[in-house]
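First the structure, in the form of structure tokens, and then the observations on it.
Here, each number is a calculation from the coordinates, and none is a lab measurement. Treat the numbers as computed from the prediction; the structure is a model and nothing was measured. Because the Cβ atoms are built from the backbone with ideal geometry, glycine has one as well, and the counts that use them run over all protein chains shown.
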Amino acid sequence: MANLVGIKKIFVAEASSSDATQMPAYGTSYSDLGDVYQETASLKDDDPTVTEHKSETSSKKIILSEQGSTNITLSLMDPNLELLASYFGGTISGSSGLRKWTRPRQLPSKNWAVRILAAEGLTVQCPCVKITPKFDITYSSKGIMLVPMTIQCQEQLTFDESDADPTVSL
């Protein structure tokens, strides 16, 4: 079995305000992150910070290592107004067919939980992440609207063999 080959679906939910180390319960709190543009998703650890302390009077050394950040990067393609409001904040106004979204000047301070179902292999989840979106729109006959995102893990990742849909209560 391959460990991670393609993404089946990514789900997000608001992180637990009482315990950000626990994944939210399965059910209606989860929603689809949106359509991920082909071959833009990756999960990477930043290099650790290594500090080496040496004694002046002996050969003693103390080496400390601090784990780097773990980030998931991807691009959403062609998001709707609801997805834009979820990740950038702001408000949607107007009636059907005439709605508009007003983007705020500052991103909301919001913690999310994320669950990534792989097409094959292990499911990855993190109970507390920060999602930082930005625009990348190409205005041309071949351009589309992309929203590159950095999803910075604030807690430990869990890898498991279950590919259960978290929107369905257990």
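Paramagnetic label reach from Leu81 (point 7 Å along Cα→Cβ; backbone nitrogen cut-off under 15 Å): within region 102-116, residues 102-104. Legend: calculated FRET efficiency, Lys8 to Ser96, from the Cβ-Cβ distance at R0 = 30 Å, rounded to 0.05, equals 0.45.
Please label the shape of region 1-81 as rounded, prolate or oblate, based on the square roots a ≥ b ≥ c of the eigenvalues of the alpha-carbon gyration tensor (a/c under 1.5 means rounded; beyond that, a/b larger than b/c means prolate, else oblate). Could you put the intermediate results ahead of the total?
Numbers: a/c = 3.28, a/b = 2.09, b/c = 1.57.
The shape class here is prolate.
For Cys153, neighbours were defined as the other residues whose beta-carbon sits under 12 Å from its Cβ, and their charges (Lys and Arg +1, Asp and Glu -1) total -1.
Think of region 34-105 as a dipole: +1 on every Lys or Arg Cβ, -1 on every Asp or Glu Cβ, centred on the Cα centre; then among Val50, Pro104, Met77, Pro104 lies furthest on the positive end. Amide H to amide H, with H built 1.01 Å from N, Tyr26 comes under 5 Å of Leu170, counting only residues 5 or more places away or on other chains. For Asn111, the residues 5 or more places off, or on other chains, whose built amide H falls under 5 Å of its own are Ala15.
Sorting Ser18, Ser31 by the number of Cβ atoms found within 10 Å of their own Cβ, with the fewest placed first, yields Ser18, Ser31. Projecting label points 7 angstrom from Cα along Cα→Cβ for Met145 and Asp163 puts them 3.1 nm apart. Taken one residue at a time, the phi angles of region 60-68 give Karplus couplings (6.51, -1.76, 1.60, θ = phi - 60°) of 5, 10, 10, 10, 10, 10, 10, 4, x Hz. Gly and Pro are set to x. Overall, region 36-101 carries a charge dipole of about 180 debye about its Cα centre when +1 sits on the Cβ of Lys and Arg and -1 on the Cβ of Asp and Glu, all other atoms neutral. The label point for Gln38 and the one for Leu107, both projected 7 Å from the Cα toward the Cβ, are 2.8 nm apart.
Provide the net charge surrounding Gln22, with neighbours chosen by a C-beta distance below 15 Å and charges set as Lys +1, Arg +1, Asp -1, Glu -1. Net of charged neighbours comes to -3. Computed about its Cα centre, the charge dipole of the chain is approximately 700 debye, with only Lys, Arg, Asp and Glu carrying charge at their Cβ.
Computed from backbone phi, the HN-Hα couplings of region 25-39 come to 5, 4, x, 6, 6, 8, 9, 6, 4, x, 6, 8, 4, 3, 6 Hz, rounded to whole numbers (Karplus: 6.51 cos²θ - 1.76 cosθ + 1.60, θ = phi - 60°; Gly and Pro given as x). For the chain, the extents of the C-alpha atoms along the principal axes are 75, 39, 37 Å, listed from largest to smallest. Each residue, Ser65 and Val50, gets one label point 7 Å from its Cα in the Cβ direction; the gap between the two is 0.7 nm.
The residue list Leu170, Ser18, Leu117 was ranked by how far each Cα lies along the charge dipole of the chain toward its positive end, using unit charges on Cβ atoms, and Ser18 comes out on top.
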